[in-house]
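So the structure is just underneath, and the comments pick up after that.
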Amino acid sequence: MSLKTLFSLGGVVMWPLLALSLLAIALILERLNFWLRVMKHQTTIVREVLHLYQDNPSLAFLKLEKNSNLPIARIFLAALELEGPTPEEFRLALESAAQAELPILKRFNTVFETVISVSPLLGLLGTILGLIEAFAGLGIGDIGGSRTAGVTGGISEALISTVAGLCVAIFTLLFANTFRGLYRRQLALIQEYGGKLELIYRRYYERVKGGWQNSTTN
């Protein structure tokens with residue numbers, strides 16, 4: 001049986017299921033592109049920036065500007081753009097920038113959850129409508145008669161929509177869970193690298209402050 005035939009037998013709910021599946025595929029491709037870019041470049045760039053910042057903060061800043069398409073680079077830039085902040089101000093800038101990046105990291109999560117929830121329900125609705133149609137022309141006296149075979153065929157056709165709805169939901173769920181895992185990993189990396197940058201800045205701030213106090217005393 002061809003896909004076209006299955007689609008026609010599934011009933012009217014196959015159209016919204018098709019729309020949901022196309023939407024899910026488009027958003028999955030966008031998220032895959034986003035996470036692949038982050039995973040490919042981010043770790044190397046952040047390590048280079050942390051190394052450069054200890055010796056030449058201006059070069060580290062330029063490196064971050066060139067890679068401002070990465071979430072953690074934008075977070076670091078928000079703190080490094082401040083002029084002479086205290087360690088507490090530096091930490092608050094990192095935390096605020098990290099919070100601002102969360103919607104980007106979690107983008108489309110609500111849409112994925114909607115597709116996962118709605119698709120099986122649409123499939124079930126299609127099955128119920130198909131069963132109603134299959135039994136509509138069956139009278140009490142026809143049970144066990146020649147029309148029973150037709151009803152059996154109608155039931156099998158009605159189940160097509162349920163299968164389609166479950167397939168869309170399962171497919172979307174697999175990728176949605178993968179993206180949730182990448183999101184949690186990204187949060188851990190932001191905390192780790194943000195803490196390292198804050199520690200480097202604290203040492204730099206104390207060194208500069210100590211040198212300024214010594215020069216004032218002399």
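For Ala100, the test of being farther than 30 Å from Ala169 by Cβ, of a type in the set (A, V, I, L, M, F, W, C) and surrounded by fewer than 19 Cβ atoms within 10 Å (Cβ to Cβ) is passed.
Before we move on, is Ala164 at pLDDT 85 or above and buried (at least 16 other Cβ atoms within 10 Å of the Cβ)? Taking the combined requirement at face value, the residue satisfies it.
If the requirement is being of a type in the set (A, V, I, L, M) and either at pLDDT below 90 or over 17 Å from the mean Cα position of the chain (by Cα) (or both), which of these qualifies: Leu23, Leu92, Leu70, Leu32?
Details: Leu23 fails: either at pLDDT below 90 or over 17 Å from the mean Cα position of the chain (by Cα) (or both); Leu70 fails: either at pLDDT below 90 or over 17 Å from the mean Cα position of the chain (by Cα) (or both); Leu32 fails: either at pLDDT below 90 or over 17 Å from the mean Cα position of the chain (by Cα) (or both).
Leu92 is the lone residue from the list that is of a type in the set (A, V, I, L, M) and either at pLDDT below 90 or over 17 Å from the mean Cα position of the chain (by Cα) (or both).
Going by what's in this entry, would Glu113 be described as modelled with pLDDT under 95, surrounded by fewer than 19 Cβ atoms within 10 Å (Cβ to Cβ) and part of a helix (DSSP H, G or I)? No: the conditions fail for Glu113.
Residue by residue, here is whether (1) in a helix (DSSP H, G or I); (2) polar (S, T, N, Q); (3) at pLDDT below 95 holds:
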residue	(1), (2), (3)
Val118	yes, no, no
Leu125	yes, no, yes
Ile132	yes, no, yes
Leu138	no, no, yes
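In this structure, Glu83 does not satisfy being of a type outside the set (Lys, Arg) and either modelled with pLDDT of 95 or more or touching a Lys or Arg at 6+ places or on another chain (Cβ under 7 Å) (or both). Residues of region 1-38 that are closer than 19 Å to Arg180 by Cβ and in contact with a helix residue (DSSP H, G or I) (Cβ under 9 Å, 6 or more places away or on another chain): Leu23, Ala24, Ile25, Leu27, Ile28, Arg31, Leu32, Phe34, Trp35, Val38.
The values are calculated or read from the model by the stated rules, or taken from the named source; none is laboratory data. Because the structure is a prediction, the values reported are computed rather than measured. Cβ: placed from backbone, ideal geometry, glycine included. Neighbour counts: every protein chain shown.
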